[in-house]
Amino acid sequence: MKIGIVARFLAAVTLASSLCLMLPIAWSAGSGDAGLAPLALSLASGLITSLLFAAVGRGSLMSEMRTREAVCAVILAWMTASAIGALPYWFGNYANSPLDAYFEGVSGFTTTGATVLPRLYAIPRSILLWRSFTQWMGGMGIIVLTLAVMPVSSAGMKLYASEIPGPVHEKLTPRIQQTAVFLWKVYIALTAMQLFFLKLGGLDFFDSLTLAFSTIATGGFSPYRDSVGHFGSEYVKWVTAVFLFLGGANFTVYHAVIVRRSLRPLGEHPEFRFYFSLFAAIGLLMSLTLYAGGVFASLGEALSQGYFQTVSMISTCGFFVVDYGSWPASARCLILLLMLVGGCAVSSAGGITCIRLLVIIKHTREEFLRLLHPRAVIPTRLGNSVAEPWVVSGCFAFFSAYLGIFALGVIGASLFGQDMITALSGAAATLGNVGPGFGMVGPVDSYAVQPAGLKIIYIFLMLCGRLEIFTLLLPLYPRFWSEKVSL
Amino acid sequence: MRIVIIGAGEVGFAVARNLSQDGHDIVLVEEDPERAAKAENELDVLVVRGNGARPGVLQKAGVEPGGSTEMLIACSSKDEVNILACWIARKMGVKSVISRAVGLEFTDTGAWSQDLGIDMMVSPERSVAREVEALLETQGAVHSSEIDAVAGIYAFKVAEDSHACGITLAQLRRMHPKLVTIIVYVQRDDHGFIPKAQDVLSPGDLIYSFCYLDQIHEIAEIFQPRRNIKLKRVIIVGAGKVGFQTAEILQKRVRGIDIRLIDHDHDKCRRIASELPKIMVLWGDGADEDLLIQEGIGTTEGFVSATESDEVNLMLAVLAKTLGAHKSIAVIRRKSYMKLAKHLPIDSIVNRNEALSSVIISAVRRQKQANTLAILDQIGAETLRVNIPEGSPAIGVELKDLPLPADSIIGLVRRGKKRNGIFIPTGTSSLLANDNAIIFAATDAVDEVLEVLGVPSA
């Protein structure tokens, strides 16, 4: 393995994420708030780090990047980017400790939205803008962003695959760079649309921008403790819900819609259909339990809140309008399960993803047919195509790895003295990049009170969820290091 | 006419033999030395060795500017070779080109053949599959061949309990005035004849009748009252082209049908399972009794064996019949095995070679005024559609006075375009110019029939 290649890639990622600090710096300079000094300091540190990486990686050729280098590059890129994301909180003393600042940074880039910052109201707007902006960058992926601006030849697909969620990675275009550019274009277009609609609804520019960033990224950070409920507006809630749904849907569908100039691909895409059906069915079930449980007096209110929370959870965002922590157990169970399922592949959502669940459900259902007809050859169909056997087994492997990591997270949390609800939901919410859970980590609570050791576990879970487990765990596999490490 | 045929495989060979017997000069292009040698030894044709898609080879075969070749028939099993050969032939000024199409999308509509500049693209496998499908759907039928989209010729064995036994054909027709059908041939024991109105059918007779596809079930009801049951499940062994197509056509034409396709090649099974989602594909040996029983052979309405081997297919069809399949069909290649039909407990034997080549042969004969609709090799007869030309000596003459050969009969006449313009002629009917007559005749009597009707033959 060649460290130089990794360093060279890290230099690019660090440079890109540091330059993103220009946005909050510009905001701070414009509005004259107190965030300027920590942000500028962060930018300087980021640029220096980038230069250091560049110095180490000087003379290395990106075209020599192999799987091992790509995996290391991706993991370290995420850890470095999160660190840069954390710097302003630390320099500005907005977090209680460097660990808390890093937790917030990881929570931002992985689009989790679990927060440890106390006194949000006391933090300058430029810092809060940065906080939402990190989610926006993490949503489509810093590596995909880097790929979009920097040609990396053959290694591109490996890098791309490690960051874009989903069991199979089809290129939409002949070149991976074009695909990366396309995804970012759609992403930016969706953000701009939401920004427009929010402004139209009377929100000020800061609120619109932070909300749009966190919505499309399905992140969940909000400058306000009471999240979307802060605005007290049905309009804002519904605009947010629509864009949450879009952010959690498979972006390749948008490609088909744009290329074919028709909405038909939405109905034909098996994952999109499953995602929509799941959303519609669980939303209805949740609304009815809320109504039956007497949480909301009118059925309309129950439907409205039930569906909003469903889309917020299935897209692994974690926004809320009312404190769902006090909802009846039936509704909370549904929320917990939605956290595990998550959104679509090739989206900004996390979780097991709909496509994998769909493959697993179909394959399991075919098992009945196999019992009746032992010699039958039954391919797992997805729409008009067939999932190859290795894709199916990959889905099962991911499913079990996901549940395994989830179990470890639950055990870890319980060893740190958390109650069952907190332990279960905390692990599900961080691994699924949702953010808020139940109990001690409920929507109106903060992760700040968690013990330091548990925070480290949660940081690991958030990265695991964002990088789809296998990428992050690969270096723990002994054979990964069988190759000589050199510069 | 000088005809160049590309490919001496089963299709090309049969086409070459038939057209050579028709009196055409045939040049056969074949790359494989074994096949080329076989054709040289067994057929009276010129064999050119080489790849039929290469201009140099085609030139040797006489496809060149100003050459005497009038037609090129590409019969190889590779579409790219066929299409390229046709294209070269066109460039060289060959008047008509016909291509076999293996890929089905080429014959789904006429658009491809038009775009490729090929006069006709035919998919022989499809017609075999159609025949098998027709035999399955009409459970009582022993043979079937489609004449066009609305009419066909079907063979039925007359059952013991058929009410057609013991009465004359004239009486039978009076009993069913609505049915537009005519019995054109009866095979009794070892001899066959064209029946007259006063002939009486007896159980065990094999009758060939023209009929409309939408009346086929009512006709089957007459001759095979007990066999006329609805098709619910079909088991097909062999997922080659014929098996695949039969499954596909059945799935399209019969609502809610349960099709089970068995093949021993796992990759093939996987491929077909992904292409035909509604069909259950089973990986296994078609002769595995347990598998057949497990998949319900005892209650299945239809069984088709279409593997690569004729012998296996015949044995499988017998096995399936023994295990309880209601109708068992074997698809074979060797013509000599057709003779076994009488001796084996199989309901139908379909000769795919015959069906394969008859499509192409009839396409060649379509060049004439008379249009061969179906070749019934097993009884040495054909069905032709003839357009009565202006000035034909047959116009206005009562049919009983026409000097038609004894082994021929005018089955149906279509006058005008309308459906009700179709009638079954009697001895006192006479033909008009532009009538469309469907004629059933022994193969060696065809030319004589055409002469009597004043149709110019090529």
With Rg from the Cα atoms and Rh as the Kirkwood inverse mean 1/r over Cα pairs, segment B:2-122 has an Rg/Rh of 0.94
Pairs over 30 Å Cα to Cα, from B:38/B:78; A:158/A:484; B:196/B:241, come to B:196/B:241
Output for segment B:235-350 (equivalent-ellipsoid semi-axes, sqrt of 5λ from the C-alpha gyration tensor, Å, descending) is 21, 15, 14
Among A:73, B:123, B:455, the residue whose Cα sits farthest towards the positive end of the charge dipole of the protein assembly as shown, when +1 is placed on the Cβ of each Lys and Arg and -1 on the Cβ of each Asp and Glu, is A:73
Rounded to a whole number, the Stokes-Einstein D of segment A:330-420 in µm²/s (Kirkwood radius over Cα pairs; 37 °C; 0.692 mPa s) is 216
Cβ density ranking, 10 Å radius, fewest first, applied to A:103, A:406, A:205 yields A:205, A:406, A:103
Rounded to a whole number, the mean other protein chain Cβ count within 10 angstrom for residues of A:376-386 is 5
With residue A:95 itself left out, Lys, Arg at +1 and Asp, Glu at -1 over residues whose Cβ is under 12 Å from its Cβ give +1
With -39,500 (n - 2.57) per DSSP H segment of 4 or more residues and division by the full residue count of chain A, the 222 nm estimate, nearest 500 deg cm²/dmol, is -21000 deg cm²/dmol
The orientation-averaged projected area of the Cα convex hull of segment B:157-271, in nm², is 9.3
Ranked on Cβ counts within 10 Å of their own Cβ, fewest leading, A:317, A:354 go A:354, A:317
Mean projected area (nm²) from the convex hull of Cα positions in the protein assembly as shown is 50.0
Expected integer from the mean partner chain Cβ neighbour count at 10 Å over A:39-45 is 0
Per residue, the convex hull enclosing the alpha carbons of chain A has a volume in Å³ of 154
Here FRET efficiency (C-beta to C-beta, residue B:451 to residue B:299, R₀ 45 Å, nearest 0.05) is 0.25
Rounded to whole angstrom, the alpha-carbon centroid of segment A:247-318 lies from that of segment A:107-125 at a distance of 26
Counting Lys and Arg as +1 and Asp and Glu as -1 over every other residue whose Cβ sits under 12 Å from the Cβ of residue B:79, the net charge comes to 0
Rounded to the nearest Å, the spacing of the alpha-carbon centers of segment B:254-325 and segment A:320-334 is 54
Using the Kirkwood radius over Cα pairs of segment B:140-223, the Stokes-Einstein translational diffusion coefficient at 25 °C and 0.890 mPa s, in µm²/s and rounded to a whole number, is 193
In debye to the nearest 20, the charge dipole size for chain A, taken about the Cα centre with +1 at each Lys and Arg Cβ and -1 at each Asp and Glu Cβ, equals 1220
Per-residue ellipticity at 222 nm attributable to helices in chain B (runs of n ≥ 4 DSSP H, -39500 (n - 2.57) apiece, nearest 500 deg cm²/dmol) works out to -9000 deg cm²/dmol
The rounded separation in angstrom of the Cα centers of segment A:1-59 and segment A:144-214 is 20
Charge dipole of chain A built from unit charges on the beta carbon (Lys, Arg +1; Asp, Glu -1), centred at mean Cα; most positive-end Cα among A:138, A:243, A:173 is A:173
Among beta bridges assigned by DSSP with both residues in the protein assembly as shown, the antiparallel ones amount in percent, to the nearest 5, to 50
Across A:215-226, the residue-averaged tally of Cβ atoms belonging to other chains within 10 Å stands at 0
Along segment A:437-451, Karplus-curve 3J(HN,Hα) (6.51, -1.76, 1.60; θ = phi - 60°) to the nearest Hz, with x for Gly and Pro, reads x, 10, x, 5, 10, x, x, 9, 9, 10, 6, 4, 7, 5, x
Rg (one decimal) and Dmax (whole number) from the Cα set of segment A:3-248, in Å, equal 17.9, 56
In debye to the nearest 20, the charge dipole size for segment B:251-364, taken about the Cα centre with +1 at each Lys and Arg Cβ and -1 at each Asp and Glu Cβ, equals 620
Packing-ranked peptide list from B:233-241, B:25-33, B:247-255, highest mean Cβ count within 10 angstrom first, is B:233-241, B:25-33, B:247-255
Working note, segment A:80-155: Cα radius of gyration (Å, one decimal) and Dmax (Å, whole number) are 13.5, 47
About its Cα centre, segment B:236-285 carries a charge dipole, from +1 on Lys and Arg Cβ atoms and -1 on Asp and Glu Cβ atoms, whose size in debye to the nearest 20 is 280
Here the averaged projected area of chain B, based on the convex hull of its alpha-carbon atoms and given in nm², is 22.0
Net charge (Lys, Arg +1; Asp, Glu -1) of residues whose beta-carbon lies under 12 Å from that of residue A:394, residue A:394 excluded, is -1
Expected sort for B:422-434, B:280-292, B:75-87 on mean C-beta neighbours within 10 Å, highest first, is B:75-87, B:280-292, B:422-434
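Laboratory data are not the source of any read-out in this text; all were calculated from the coordinates shown. Predicted model, so just to flag it, every value in this text is computed and none were measured. A quick note on method: Cβ atoms are made from the backbone with ideal geometry, for glycine too, and the neighbour counts reach across all protein chains shown.
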